[in-house]
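Before any comments, here is the structure.
The values are calculated or read from the model by the stated rules, or taken from the named source; none is laboratory data. What you are looking at is a predicted structure, and each value in this text was computed from that prediction instead of being measured. These accessible areas exclude ligands, DNA and RNA; they are computed on the full protein's heavy atoms, side chains included. Shrake-Rupley method; radii C 1.70, N 1.55, O 1.52, S 1.80 Å.
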Amino acid sequence: MLFSEYVDNLTSHGKCSFSLVEIKKTLNKKEAALRSSIAHLLAKGDLVSPAKGFYIIVPLEYQVLGCLPAEHFVPYLMEYWGCQYYAALLTAARYHGATHQSVQVFQVIVPTPRYPITCGKVKIDFIVNKNLDKTPIQKIITAKSMLTISTPEGAAMDLMNYPNQSGGLNHIATVLSELQESMKPEKLLSLAESQKILSWKQRLGYLLEVIGATQLVEGLKAHLKQQKRLDYIPLIPGIKDSGKIKKNTTWKIFENATIESDI
């Protein structure tokens, strides 16, 4: 089989990527010859390589993008790396209906540090969470793949734990205003009960109350009341109470910022 036939065969079967290891096994050709064939298609823009030894087939309709959309190939890239992952934060929130704010970067949670990827106009950021298996996930079908993403409740937790990667609290409040429609009170409570860290629960409860998500708030309130010790924390991490900042006694929050949702 010729290399061009191999690529065409993948495309005809709905596949969008391959690795150098795979084609060496399948075509039984010398690596130098394979690399020459790959380089030819790379130069034409028919292939791109977001990671060493991993290639994406770019159909004509996506060549202006210089890559496939990240959701199409991220699952295959993660499989190639042997890396646990899930699409997270603002990316996950978008899949759950929070579309008011455009997402410029595809955000992925992974257990160990990885460099960001730029593939044509597609950008992927990797955020490290060594305990990512504690986050509830689900799978969704995309045009080319089965993508793993956090659940709405998991996305809300991550937004609170990674505020800098989520555009800050005002942006998060806007996202939560839309995300709340997909969140279930019983699932949020179950997640809260499974997590030891309290600070994200306090901040999330505060923000949900600000945006009027009453049904989601009650379970968190009851859960936090059961905690033996609940310390006051700043709404924006890193700023301590000066004695003049207003306190929210329900969530034990120092209100060192004013939250304004865009919705």
Check: Counting DSSP beta bridges with both partners in the chain, what percentage is antiparallel, nearest 5?
Finding: 70 percent
Note to self: For Cα pairs less than 8 Å apart in space and 6+ apart in sequence, what is the mean separation divided by the residue count of the chain, i.e. the relative contact order in percent?
What the structure shows: 14 percent
Next item on the list: Return one whole number: the accessible area per residue of the chain in Å², for a 1.4 Å probe.
Entry: 53 Å²
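I'd like the projected area of region 1-139, averaged over all directions, using the convex hull of its alpha carbons. Report it in nm² with one decimal. Spell out each step's value before the answer.
Details: hull surface 37.2 nm².
Answer in nm², one decimal: 9.3.
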Next item on the list: Would you mind calculating the gained length between H40 and T99 on full extension (0.36 nm times residue separation, minus the Cα-Cα distance), in nm to one decimal?
Entry: 17.4 nm
